[in-house]
Amino acid sequence: MSNHEFAAERPGHPLPVLEEWNRPFFAAGAEGEIRLQVCSKCQRTIYFPRAFCPYCASPEYRWEAQPLSGTIESFSKVWKAENPYFDPELPFHIALVDLHNGVKMFGRLRAASGEPAIGDHVSVEFIQIDDEIWLPRFVSGSVPES
Ligand SMILES: [Zn+2]
């Protein structure tokens, strides 16, 4: 099969259903930010986006920008994707990252140089999926921010 034939058969990127309570998370990458909900009642940061705080069930929250750097707490290399959209990108890494404010996020990890390792510094880049959806992707092996 040629690359052209494969591209024609590649399905679209899997998309979230956008709701009032998750739209700002997916839009924030357009401005180069990770924005997460912070509960107005218990003040805990909420990841991933939800309609209610998972800690105290409050529906009240505000959006706050998060650090664009952190360290790898754990990671895995994906050799077979659940969704065929990702087949051309195999193998790739996914990681649990400790942002520098202690918030933990899960996401794709791009190894800019060499294989990633637990404890590695990561920065963040954003992948535009469509007009409303930008996904943060962690990058290891890059130069740490000063
Ligand atoms: Zn809460």
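The values are calculated or read from the model by the stated rules, or taken from the named source; none is laboratory data. Since the model is a prediction, treat every value here as computed from it, not as a measurement. Every residue, glycine among them, receives a Cβ derived from its backbone with ideal geometry; neighbour counts consider all protein chains shown.
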Residue count, the stretch 37-51, condition under 22 Å from Val17 (Cβ atoms) and either in contact with a helix residue (DSSP H, G or I) (Cβ under 7 Å, 6 or more places away or on another chain) or of a type in the set (S, T, N, Q) (or both), comes to 2
Among Trp63, Trp134, the single one that is over 15 Å from the mean Cα position of the chain (by Cα), at pLDDT 95 or above and under 20 Å from Trp21 (Cβ atoms) is Trp63
Expected single match for farther than 25 Å from His100 by Cβ and either out of contact with any helix residue (DSSP H, G or I) (no Cβ under 8 Å at 6 or more places or on another chain) or away from the ligand (no atom under 16 Å from the Cβ) (or both) among Pro54, Pro24, Pro11 is Pro11
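Could you go through the stretch 73-90 and let me know if any residue there is among the basic types (Lys, Arg), over 18 Å from Gly32 (Cα atoms), over 14 Å from the mean Cα position of the chain (by Cα) and not in a strand (DSSP E or B).
yes
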Only one of (1) within 16 Å of the ligand (Cβ to nearest atom); (2) assigned to a loop (DSSP other than H, G, I, E, B); (3) touching a residue at least 12 places away in the same chain (Cβ under 8 Å); (4) surrounded by fewer than 17 Cβ atoms within 10 Å (Cβ to Cβ) does not apply to Pro59, and that is (3)
query = Residue check: is Ser113 among the polar types (S, T, N, Q), more than 16 Å from the ligand (Cβ to nearest atom), surrounded by fewer than 14 Cβ atoms within 10 Å (Cβ to Cβ) and more than 22 Å from Gly12 (Cβ to Cβ)?
reply = yes
Matching residues in the stretch 76-100 (under 26 Å from Leu18 (Cβ atoms) and either among the aromatic types (Phe, Trp, Tyr) or surrounded by fewer than 17 Cβ atoms within 10 Å (Cβ to Cβ) (or both)) number 12
Restricting the stretch 27-49 to residues that are surrounded by 14 or more Cβ atoms within 10 Å (Cβ to Cβ), part of a loop (DSSP other than H, G, I, E, B) and within 15 Å of the chain's Cα centre (by Cα), the one farthest from the ligand (Cβ to nearest atom) turns out to be Glu33
